[in-house]
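Below you'll find the structure, written out as structure tokens, and then a few comments.
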Amino acid sequence: MREVIHLLCIQPMAHSSLVKSLPENESHETGLETVISKVAIFKKPGVSGHGLYELKKECLKEFNPFFYHYSRPQHSKAEEAQKKRRTQESSDKALRPPVPPPFCPAFSNIVYLLCCDIFIHILKRIFQKAAEDRSNRWTEPMIQRALHLVGQALLEEKTQLESSSTEEVTFDFSLKAQKSGSEHGKSLFHFLTRIKSLPSLKAQNDMIMWNLQMFEVVKCLREKSGPVASFSVDHSTLEESVQDKEKAERKRKAEAAKAHRQKIMAQMSAMQKNFIESNKMLYDNVPESSSQSDTAASVDSFRMDVDESRVAVGPQQGVCSTDWEAQICILCQEEQEVQAQAPAMVLTACVQRSTVLTQNRGKTLSPKVGSYPLFMPPDLAVGTHTGSCGHVMHATCWQKYFEAVQNTTRNRLHADLIIDLENGEYMCPLCKSLCNTVIPLIPVESSKLNYESAELVGQHLTLERWIQILSSRIRGLRGTWETDNNAEEAAEEATALFDESQAEFRSILSFGVQEPPKFSRSITEMLGVCATTVHRVGLQTAPNDLCPYMPVMSWNTCAYTIQAIENMLQEEGKPLFGSLQNRQLSGIKALVQFSAAQRLKSSQAVIQKHFADMLAVLVPVPNVENTPSILEVDFFHLLVGLVLSIPALYQEEAVDLQPSAVSTAYNHLYLLHLLTMTHMLQVLLASHDCAVIGGPGEGDEAQAAAELFSIVSQHTDRLRAGVTGFCVEGVKRGVLPFLRCAALFFNCLTGVPPPEELSGTAESPESQLHLLCSYLSLPSNLFQLFQDHRDVVTTLIKRWCENTAISKALKGEMQIIRYPHKRNRLIDLPEDYSVLLNQASHFKCPNSSDDERKHPTLCLLCGVMLCAQSPCCQEQLNGEEVGACTAHAAICGAGVGMFLRVRECEIILMASKTRGSPYPAPYLDDYGETDPQLGRGNPLHLYPERYRKLFHMWQQHCVLEEIARSLELLNVMFPFEWQML
């Protein structure tokens, strides 16, 4: 028991650590189980760490700082831990010796060693040297041991006096310590009294005071003056005196600090009065009436802004209220405003391929030669995610830091396992997160609308007119892109749909233009750096600054990152706004502004062509072929691409132009309306229950929905008229994620604050649909959009539904993605680990028939059991032999893998062919500990919090960061060949 108590006095310990530290008997048993519940309390583990045993408070009195099984480091740790504990409890730091157990009769005379003359003389000489301050003849550990022995002797004497009468007690340590040498003032008690005031022994002062108090207690016991009462009174008196002194000292310091603050405030107040007196003319020259009128106007404008700024799209768009604050560089600590013409400030970022949102896990992800993702498929098989830790630097500071990292890292052993210098990787200087690029901070464009002008424009610029103007503009710009005479059919189709006789080539400019922003050279350079990284990582190609799809990849990573954040918030049940961390807010805002600025860096003709190709999904565009159907496109990616590329249509040959605030508002409004209607139709066509026959419900919403179904059913064989309420709610649930992502996107793009209700936790996301619609300038009854734009939409619905891909999908010849998308999670693991062991025991390698030991490994993303670290299952990946896990991670997780090695009870995290790291499995024994390699053999059970932590790591794209951190801590001499796993 004493062994366990003294081990736990050092620190709380895990069960396995205690077992290793305790001696074993001849049966190789420690006896821990019989005593641990008597002396310790078990603290269950959290999401990390082990379950720990903490010593009970009543057992702390058994602590002996000179316990004979302590090593020197253990002695120091235990002493420090106990002093720290007593300080937190506001007690003195005296480490009292415990009351020793009584000897058996045969050895009872051993205690008299403590009161023999030689022993007392030795102690007296030690204290004398300290009292005479002969520093070369004593050390503090000597004094500490001497004080401990004095206390031990006094406790023995006190014990004997309490159990027997004074006449029967022959143990007289206190008498000898006070009388021996007292005639010359050289008794042990005398020297002990003198050393309590020595500054060099301040650390031992509490122990000295306790020993002196024990002398008084023993004296009272010998005099028979109420021994028990005297002891308790003296003990409590000493404790109270110490506490009173500490309280008085704290009170004195608090009063001194308060007086100092009052003095400083008085000085500041005097300085303010002096400044006002000396500059009185400045205050007198300000007219009171004008200041009052300005104040009233500012209050009114503020109220108006607050009332009208809760709309992010359209002619009622509010005012931007969230631009970048002044940023401080984490390297040079200098502050700078974020401005277009100022030197670039950059945000650390990590770009990686992701399958977190995939609806088709296992789909082959390798792109075909010459194939570029202008349109993101609706299954989101693989995307490009850009995350940030939120730390800001000057671009020049970052470049110097990156060069220094390159120079120093090349000389480190196996540094390439931690960061890939060839691909621009580095560790954030502040938080050591893994990064591979930087995002330049772009100021939000101020776009204060003239609401009267916007209202006048709205009277003439309807959706039909807007489509006519875009079609005419694209037709005129087509000649500058390419020379092709095969546009007659598409042109005739567009002319038949809309009368373009009044739409001229430059009519798009008549609704307002303005000069685009100009960026400094460093910002332009950083825009290129980030875009190149996104293009290279997303497409797994060599860097190519001239690739026309660089802006497309920037738009795609912006859209995918927003979708990943919305998916995370939905999974955790958090509100759309107000629950993101500052680093996530900074990262997504910087990413949106960076993606918007890509059109200014790229060729305007390339951006215009991309816009025309994307718009062709929605409306007929001349000379655009092989346009995908509405079931083959992710509409949020399409929304981001169209919104960020439409300003390129305003470019003139000799003049750089972009749409004015009014033109931008209507462009965003009609694009959002058009895409929302198309996405609703996409959800309707993809739903299982849209063919349910039922009577039309009551109310405007049900009536509008029934009319939409009636129109759609005329152009499809599958759909029929009639809609149930379930169908209407199903469409609204399917559209909701799109609207949530759009709200996040326009919030970061325009800076308009959302309604306060969207920052609170709702009962369900569907209950906030009307708030999202209000913020996005959509009718709360989404089906009303088809009523408002009936003339245009009826013709477009016919065009959309007559696509051959629609008929194939409705006949079951093509896979249809359902909405809302299912949220991906890690596979369900059994509660008892023995179930997994049984599965592994029945696992047979598909490529081998021999009986050699295999390493069954479970993929936590899809549940496939693989044969790891075996040559029988090696595959070719990009012309290189790799193991089964590496090959599977390339398909299942775009290079990121999370595997459970069943027979080793260990998680393996993989980030590429050359990088990985072990991670504790989420299975713990009854003592809250993992069992790697199954060495202890205790029963293991699933710990849900640990598994949830693994899920959040994967969902938030932190696997690469975790691998880099673990490899940074490990000193790897012989690296593991991860590609062969």
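Enumerate the lysines that residue 798 could reach by cross-link, defined here as Cα to Cα under 19 Å, with residues fewer than 8 away along the same chain left out.
808, 811
Please go through the stretch 92-172 and write out the GluC sites (Glu not before Pro) that DSSP classes as loop and that have at most 11 other C-beta atoms within 10 Å.
167, 168
List 843, 738 from most exposed to least, where exposure is judged by having the fewest other Cβ atoms within 10 Å.
Details: 843 18, 738 24.
Exposure proxy ranking, most exposed first: 843, 738.
Please give the FRET efficiency for residue 834 paired with residue 936, using the beta carbon to beta carbon distance and R0 = 25 Å, rounded to the nearest 0.05.
0.95
When the Kirkwood radius is taken over all Cα pairs of the stretch 862-921, what Stokes-Einstein diffusion coefficient follows at 25 °C and 0.890 mPa s, in µm²/s?
210
With respect to the cross-link table entries 83/258; 432/589; 61/129; 57/196, which display a Cα-Cα separation exceeding 24 Å?
Table pairs above 24 Å Cα-Cα are 83/258; 61/129; 57/196.
How far apart, in nm, are two points set 7 Å out from the Cα along the Cα-to-Cβ line at residue 949 and at residue 524?
4.9
Can you work out the FRET efficiency for the pair residue 202 and residue 99, with r the C-beta to C-beta distance and R0 = 22 Å, to the nearest 0.05? Working shown, then result.
Working: r = 27 Å, r/R0 = 1.25.
The value I calculate is 0.20.
Could you line up 845, 350 from fewest to most neighbouring Cβ atoms inside 10 Å?
Ranked by crowding around the Cβ, least crowded first: 845, 350.
Label points 7 Å out from Cα along the Cβ direction at residue 541 and residue 759: separation in nm?
4.3
With a cut-off of at most 14 other beta carbons within 10 Å, and DSSP calling the residue loop, which trypsin sites (Lys or Arg not before Pro) in the stretch 752-856 qualify? Please list them.
Answer by residue number: 811, 818, 822, 823, 825, 844, 853.
Note the full-extension length gain between residue 249 and residue 106 as 0.36 nm times their separation in residues minus their Cα-Cα distance, in nm to one decimal.
46.3 nm
If you count, for each residue, the other Cβ atoms within 10 Å and average over each peptide, how do 51-57, 471-477 line up from highest to lowest?
Put in order of decreasing packing, that is 471-477, 51-57.
Would you mind computing, in nm to one decimal, how far apart the modelled labels at residue 462 and residue 267 are, each placed 7 Å from Cα along Cα→Cβ?
In this crude label model, residue 462 to residue 267 measures out at 7.4 nm.
If a/c stays under 1.5 just call it rounded; otherwise compare a/b with b/c (prolate if a/b is bigger, oblate if not). Do that for the stretch 2-88, with a ≥ b ≥ c from the square roots of the Cα gyration tensor eigenvalues.
The shape class here is oblate.
Work out, step by step, the length gained on full extension between residue 17 and residue 453: first 0.36 nm times the residue separation, then minus their alpha carbon distance; give nm to one decimal.
Going from the current span to full extension adds 149.4 nm.
Residue separation times 0.36 nm, minus the C-alpha to C-alpha distance between residue 116 and residue 862: what's the value?
Extra length available between residue 116 and residue 862 comes to 260.8 nm.
Return the Rg/Rh ratio of the stretch 109-225 with Cα-based radii and a Kirkwood Rh.
Over the Cα atoms of the stretch 109-225, Rg/Rh equals 0.97.
Taking 51 Å as R0, compute the FRET efficiency from the Cβ-Cβ separation of residue 74 and residue 432 and round it to 0.05.
E between residue 74 and residue 432, to the nearest 0.05, is 0.95.
Cut-off is 10 Å between beta-carbons; in what order do 627, 794, 914, 386 appear when sorted fewest neighbours first? If you can, show how the numbers build up before the last one.
Values: 627 19, 794 12, 914 15, 386 30.
Placing the least packed residue first, the sequence is 794, 914, 627, 386.
What's the percent breakdown of Cα-Cα distances in the stretch 833-980 across 10 Å bins, shortest bin first?
Computed distribution, short to long bins: 11, 40, 37, 11, 0.
The numbers here are math on the coordinates, done by the rules we state, and not lab data. Note that the structure is predicted; figures quoted are calculated from it, not measured. No Cβ is skipped: glycine too gets one built from the backbone with ideal geometry, and neighbour counts run over all protein chains shown.
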